[in-house]
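Colleague: One structure, pasted below without further comment.
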Amino acid sequence: MLRPLIVDALGSGRSGRRATLDAIGAGPRAVAGVLELRGLKPRIIIAEEFLRGGLNLKGFNLLLISAMTVDQPTARRVASLWRRLNSDAPIILGGPIASDPAALLRVGGDIAVIGEGEKTLEELLNLLIEDRLDEGLRNLRGVAYRGEGGVRVNPLRPVMSRVEYDGYRPSTRVVRDYPLYYAARVYVEVLRGCSNYYRPIVEECIRCDRCRSGGLTERYDCPVGIPPGCGYCSVPSLYGPPRSRSVSRILEEVEELLEMGVRRLVLSAPDILDYGRDLLVEPEPLTDPREPEPNYDALEELLSTLTDLKPIRSGEASLMAENIKPSLVTERAAKLLGRYLSGTPINIGFETGSESHSRLLGRPSTPRECLTAIRRLRRAGLRPQVYFIHGLPGQSVETVEASIKAIWSSIQAGADWIILYRFTPLPMSAFAHMPKAPPAARDPLSRRLRENVSKANKMLKGRWIGRKLKAIIDGRYMKDRRFHVAYPMPHGPVILIKDAERLEGKTVEITITSITSERVMKGIITSIKGNKHFVTLYKSPNRFNAHEAQHKTYSSFSRDINTESP
Ligand code: SF4
């Protein structure tokens, strides 16, 4: 009998999570769902807890590690601990880290599941259960594995159709394996894939313009094999064009998560405005990031159905969307989002302020469109969080000047927060073979960007003082135990509060009083919202102080991480 353990190493980087403490990604739950389909009962543990010896591994005989490329050091430590205690049991690697088959050797895994994992994992489980792994692996699509003489990479699997994808059901049962599930942002996948099949302008490009003006099916492949999408991103290569889940499936999952005690939900998608657009062009693939316009009816049906759920309607739970592409933010789309998601943050990729650089990178939107989108979203009541990247291929004095201008224009347009990533080449992206950018401090141009972002955020943070907001109280703050940590209901900076003994797990109203660092503020409790359902659910004593258990240190946040989503 297989007894699988999933280690969630997403965002753990070299030394554990810092910027994603309160996020629970959709990937590990999707994997658990496939295992449950096969009648198995997987457990999930976060990598930090696994490495602290938080679980007796004796009962498990299959390890699945979910990680991004930057999480390789942590994934390696996980695999090596497993080997010490459980030497023969296989290790399967999944998530974006698996897109580089060499990661298998570096981590010490046995099999890597590349791209969409559901079907591959189902077939892999059959091989394991029927004890046919040795003979079956060579014909299994979508995997790389360690064989004699090194790593063998099998042909990739075509992406699933919308109907096949919708047939899978992420596990909700395992969400309680996460110590912070009651306060964390729990990601619910509403669509998979990206509609940007433009390509960056790289040396090999023969300028045929097929990826920008060809038909939807034509754009899928480039005659010289340049991977689709923005050069710094691997989503279209790994997961294909968007396919939306049905409202009924998403509803079922959200209802179950709320029932389990989850209070912050994020509709996860590379672009929420791609939701249902695939239906408008079926059976062709949605490979155009601009046309047709958003499927307003489908989006409205999704958002109205979910926001009508009692815990969300009453404000006990919050609903947010993850990302948005400026090219699709029409006035109508912004208003629609504002109608259902007012007051919540939304991520918008700006990346560069230069028009020509933007085209060179393969971006679907121009800087001007980014500013218009920020303005529209803010007017509609959302809180745009705007992303830039330093150290991108093509970065120059001109592009940095343009980006600095764009940072300040974004604030004028209504940005709530500016985030600066460091460029990291991702396997299967068009920039896979470019060098990784040096840290911002070591590059004069990147440093200028960083200084401007810090200055901008300091100013934006000042606007939080005096604001009242709802937050969920977690355990004590490890650096100063007089304080407790609280997470704002819609996402926002972490808040430290005093006098919160015996309020762990409760939703309270907090007034922000001061700013501690770039990502941490202080506040006072101004009212305690009695939420019997929630407090009852949360009586289990070993669930208290999840923050304390989960994180030994709570350092200030580094933005020098890569651009993969969790
Ligand atoms: S990236 Fe490929 S499809 Fe696009 S213009 Fe260049 S050669 Fe043509």
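Colleague: Counting pairs of alpha carbon atoms under 8 Å apart in space and at least six apart in sequence, what relative contact order in percent does segment 1-155 give? Intermediate results must be reported in sequence, preceding the final value.
Modeller: Numbers: 283 pairs, mean separation 34.2, N = 155.
Averaging sequence separation for qualifying contacts and normalising by length gives 22 percent for segment 1-155.
Colleague: Between their Cα atoms, which of LYS335/LYS461; LYS58/LYS310; LYS41/LYS479; LYS58/LYS436 are more than 31 Å away from each other? Don't jump to the answer; show the numbers that get you there.
Modeller: Working: LYS335/LYS461 26 Å; LYS58/LYS310 42 Å; LYS41/LYS479 37 Å; LYS58/LYS436 40 Å.
Going by Cα-Cα distance, LYS58/LYS310; LYS41/LYS479; LYS58/LYS436 fall outside the 31 Å limit.
Colleague: So what's the gap between the Cα centers of segment 250-320 and segment 395-439, to the nearest angstrom?
Modeller: With segment 250-320 and segment 395-439 each reduced to a Cα centre, they are spaced 28 Å.
Colleague: If we count other beta carbons within 10 Å of each Cβ, what is the order of GLU331, GLU189, fewest first? Present the calculation step by step, with values, prior to reporting the outcome.
Modeller: Values: GLU331 11, GLU189 22.
Final ranking by Cβ density, sparse to dense: GLU331, GLU189.
Colleague: Take the residue pairs LYS325/LYS468; LYS119/LYS325; LYS325/LYS522; LYS468/LYS498; LYS405/LYS458 and return only those whose Cα atoms are more than 24 Å apart. All intermediate terms of the calculation are to be shown ahead of the outcome.
Modeller: Values: LYS325/LYS468 30 Å; LYS119/LYS325 29 Å; LYS325/LYS522 33 Å; LYS468/LYS498 16 Å; LYS405/LYS458 17 Å.
Over 24 Å Cα-Cα: LYS325/LYS468; LYS119/LYS325; LYS325/LYS522.
Colleague: For segment 164-462, with only Lys/Arg (+1) and Asp/Glu (-1) charged at the beta-carbon, what is the dipole magnitude about the Cα centre, in debye rounded to 20?
Modeller: Dipole magnitude for segment 164-462 comes out near 1380 debye.
Colleague: How would you classify the chain from its alpha-carbon gyration tensor, with a ≥ b ≥ c the square roots of the eigenvalues: rounded for a/c under 1.5, else prolate if a/b is greater than b/c, otherwise oblate?
Modeller: Details: a/c = 1.38, a/b = 1.04, b/c = 1.33.
Taking the square roots of the gyration eigenvalues as a ≥ b ≥ c, the chain is rounded.
Colleague: Can you report the principal axis dimensions of segment 164-462 using only the alpha carbons, biggest first, rounded to whole angstrom?
Modeller: 52, 49, 38
Colleague: Positive end of the charge dipole of the chain (Lys, Arg +1 and Asp, Glu -1 on Cβ, about the Cα centre): tell me which of GLY11, PRO228, ALA89 has its Cα farthest that way.
Modeller: Of the candidates, GLY11 comes out farthest on the positive side.
Colleague: Which residue, chosen from ILE525, LEU238, ALA456, occupies the Cα position most advanced towards the positive end of the dipole of the chain, where the dipole is computed from +1 (Lys, Arg) and -1 (Asp, Glu) charges on Cβ about the Cα centre?
Modeller: Selected residue: ILE525.
Colleague: Determine, for ASP100, ASP308, the number of other Cβ atoms within 10 Å of each Cβ, and report the residues in order from fewest to most.
Modeller: Listed from fewest to most nearby Cβ atoms, that is ASP308, ASP100.
Colleague: Next up: In whole percent, what relative contact order does segment 164-462 give with Cα contacts below 8 Å and a gap of six or more residues?
Modeller: Once divided by the residue count of segment 164-462, the mean separation gives 19 percent.
Colleague: Going by average Cβ density within 10 Å per residue, which order do the peptides 29-35, 258-264, 244-250 take, highest to lowest?
Modeller: Put in order of decreasing packing, that is 29-35, 258-264, 244-250.
Colleague: How do the peptides 369-379, 284-294 rank, highest first, by the average count of neighbouring beta carbon atoms within 10 Å per residue?
Modeller: In decreasing order of mean packing, 369-379, 284-294 become 369-379, 284-294.
Colleague: Could you grab the relative contact order for the chain? Cα pairs under 8 Å, six or more apart, rounded to a whole percent.
Modeller: 12
Colleague: Further question on the same structure: Treating only the Cβ of Lys, Arg, Asp and Glu as charged (+1, +1, -1, -1), what charge dipole size does the chain show about its Cα centre? Round to the nearest 20 debye.
Modeller: 2400
Colleague: What order, most packed first, do the peptides 418-424, 434-440, 400-406 have when packing is the mean number of other Cβ atoms within 10 Å of each residue?
Modeller: 418-424, 400-406, 434-440
Any read-out appearing in this document is the output of simple, stated calculations on the displayed coordinates, not a laboratory observation. No experiment lies behind these values; they were computed from the predicted model shown. Methodologically, a virtual Cβ is constructed for each residue, glycine included, from the backbone with ideal geometry; neighbour enumeration extends over all protein chains shown.
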